[in-house]
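Q: I am attaching a structure below and will ask some questions about it afterwards.
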Amino acid sequence: MPERSAGNATDDTAGQADHAARRLPDAPSAFFTALVTEHFVLQTARGITVSESSTRAAIYLTTLSSALVAFGFLADTDFATGYLAVVIPVVVLLGVFTYERLVQTSLEDVVALASMQRIRRWYGTILPGAPRYFPVPEDRIAPNELLDIGLRLSWRGVFFTLSSAIAVVNCIVAGAGAALLTASTWTQSTSLAAGVVTAVMLATVHGVYQERRYARVLALLHAAAARTDV
């Protein structure tokens, strides 16, 4: 007997599911139940992304503050330079990983919110008076401020995210490392300038990267919404 491919098995399963759905005795009620469940799952996913973001940011800041406290005890000893040579790269790498995950969780939150608002708009079509309780904003002055979360009118909004806050702190740490690295061969003012330039350049790269990621996700959401509305 010839083996069935995974694709054919998946198609058969989907066909059986569609057939079973058409035979439901009360399809509207089943659809509404599934929709409410999906709304609840998306809300839970948003809560998880916020919790994870807070936890990751706290881990990074705790690591940085602990490293600074430890350096305070070693600042006047011969081990200070070696300590900084080990700790600064570790903190910077942790900051990069934390920043990347914070960007991902914020995008996951935006996608979940867009799905929730799509369900919310459907709630407004159930009864003639329902749109009063599920308003859809036409501009920035919206009855429900939840609709504005994750959406920005300008690229300047990139400076007001948790990932950007962590990125700025981490870039300052990296700039301090660059200044210390060049302190032995360059003058003090030149080393300080190198640290500032390094921090500014890294912060700019982080901001551009985050803005492009946001723009890509929002473009995908708009394209998906356009296909759904057709």
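Q: Within region 90-118, can you find the residues that are open to solvent by 20 Å² or more (accessible area, probe 1.4 Å), more than 17 Å from the chain's Cα centre (by Cα) and at pLDDT 95 or above?
A: VAL90, VAL92, LEU93
Q: Conditions: (1) over 28 Å from PRO28 (Cα atoms); (2) at pLDDT below 95; (3) open to solvent by 50 Å² or more (accessible area, probe 1.4 Å). THR125 meets all but one. Number of the miss?
A: (1)
Q: Find the residue count for region 199-230, including only residues that are buried (at least 16 other Cβ atoms within 10 Å of the Cβ) and under 13 Å from VAL168 (Cβ atoms).
A: Final tally of qualifying residues: 6.
Q: Cβ contacts < 6 Å: first residue on the phi < 0 side of the Ramachandran plot, restricted to region 82-104; second residue buried (at least 19 other Cβ atoms within 10 Å of the Cβ) and of a type in the set (Lys, Arg), any location; separation 6+ or different chain. Result?
A: From region 82-104, the pairs are THR98/ARG56; ARG101/ARG56.
The values are calculated or read from the model by the stated rules, or taken from the named source; none is laboratory data. Just so you know, these numbers come straight off a predicted model, no measurement behind them. Cβ atoms come from the backbone with ideal geometry, glycine included; neighbour counts cover every protein chain shown. Remember, those area values only see protein heavy atoms, side chains included, never the ligands or the DNA or RNA. Shrake-Rupley method; radii C 1.70, N 1.55, O 1.52, S 1.80 Å.
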